[in-house]
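The values are calculated or read from the model by the stated rules, or taken from the named source; none is laboratory data. Not measured: the values here are computed from a predicted model. Every residue, glycine as well, gets a Cβ built from its backbone with ideal geometry; the counts of neighbours run over all protein chains shown.
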């Protein structure tokens, strides 16, 4: 049996700062894991010599959530998607594949103690209080499984419809949908995982000591730590970077 | 119901001259709870009866014990707050450092440098002076390269 191919996918679209973040992230992964295979999904107009760090380049358009499209384009059997505005800080990045176990998708968990750092966690659906539990900042997935690949394609397509007012299932509060949920790819993720029959059997898990794999810098404000007392592997700067301001 | 005193009363001063205590009393089917800050003596120098009532009700030893527990709790809370502030500062510093590094990587000579080792050192720098140091080394390396061409 052939060894499955494994690699990272990083997506940078719409804003050139994301291209800078993405190439920096790719370099930082290779600092600790030189053999890492990295696919950079980005717009052709951004590409310069810094893209040399990537082993594969896939061109995307300037979509707001090219991330979801990029996840579906992975050339690997097992893929680790990482948000571009992150930085790799630890050699344990090499152990990422151990988290796949027999899961189809592995995420970082939105927990009670972390909820203050998320824009939205709770929402109403059919009169019941529901909550997001999966954070899409990082996602390890078995892309060799056709159903997982289909999931990623559906995530992108359904999010597009949701964002463009072409899809809104009954049961959501109109005001909350318009204000908090419509713009959020987490909403689509929640729907696909919890309400779509064909994805019911997908095995979804969390990274071991998952805080290390998506350590939002704001977690430090509350002194949130790894359960094993280990340092972050991937630090997420999403709340602190001035994404729309030119870096220089 | 006679007035009772909750067992979390504590001394406000080491000399035990001010006592903080909570009373509960049932008056006309209504339960009232009141927080008292009691001086040992009244303004005219006579003993404060309420003060003595609490000591009699709870016992001085019990008040000493809850004062000690309260102090330990407050110290632990203060330590936690201090740690939180340190961590918060550390996180903010890290955020600034990351932005500074991204800015440094935009310097033309650094952006175009192929010196992976030095660039990696710069990326892993723990402080702004360290970033500057490796930035200078990369620029120097680039200028030397240019000179030898």
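Quick notes on this one:
- There is no residue in the range A:31-41 that is more than 10 Å from every other protein chain (Cβ to nearest Cβ) and part of a helix (DSSP H, G or I).
- Matching residues in the range A:155-177 - criterion: being in a helix (DSSP H, G or I), exposed (fewer than 14 other Cβ atoms within 10 Å of the Cβ) and over 20 Å from the mean Cα position of the chain (by Cα): A:174, A:175
- Search result, residues across the range A:200-247 that are more than 14 Å from chain B (Cβ to nearest Cβ) and outside any loop (DSSP other than H, G, I, E, B): A:204, A:205, A:206, A:210, A:212, A:213
- Residue identified as surrounded by fewer than 19 Cβ atoms within 10 Å (Cβ to Cβ) and in contact with a strand residue (DSSP E or B) (Cβ under 6 Å, 6 or more places away or on another chain) among A:4, A:34: A:4
- Per the listing A:130, A:115, the residue uniquely modelled with pLDDT under 95 and assigned to a helix (DSSP H, G or I) is A:115.
- Filtering A:76, A:19 for residues that are farther than 16 Å from residue A:210 by Cα, within 14 Å of chain B (Cβ to nearest Cβ) and either at pLDDT 95 or above or under 14 Å from the mean Cα position of the chain (by Cα) (or both) leaves a single hit, A:19.
- Sub-7 Å Cβ pairs linking a first residue in the range A:157-186 that is at positive phi to a second residue that is modelled with pLDDT under 95, at least 6 apart or interchain, are A:171/A:125; A:171/A:126, ordered by first then second residue.
- Of the numbered criteria (1) in contact with a strand residue (DSSP E or B) (Cβ under 9 Å, 6 or more places away or on another chain); (2) without any contact (Cβ under 8 Å) to a residue 60 or more places away in the chain, the one residue B:70 fails is (2).
- From B:71, B:80, B:38, B:133, residue being more than 30 Å from residue A:33 (Cβ to Cβ), more than 14 Å from every other protein chain (Cβ to nearest Cβ) and assigned to a helix (DSSP H, G or I): B:71
- The residue that is nearest to the other protein chains (Cβ to nearest Cβ), counting only those in the range B:112-122 that are in contact with a helix residue (DSSP H, G or I) (Cβ under 6 Å, 6 or more places away or on another chain) and either at positive phi or part of a helix (DSSP H, G or I) (or both), is B:120.
- Selection status of residue A:180, closer than 30 Å to residue A:113 by Cα, touching a strand residue (DSSP E or B) at 6+ places or on another chain (Cβ under 9 Å) and surrounded by fewer than 19 Cβ atoms within 10 Å (Cβ to Cβ): yes
- Across the range A:7-16, the number of residues qualifying as buried (at least 19 other Cβ atoms within 10 Å of the Cβ) and either within 25 Å of residue B:118 (Cβ to Cβ) or within 11 Å of chain B (Cβ to nearest Cβ) (or both) comes to 3.
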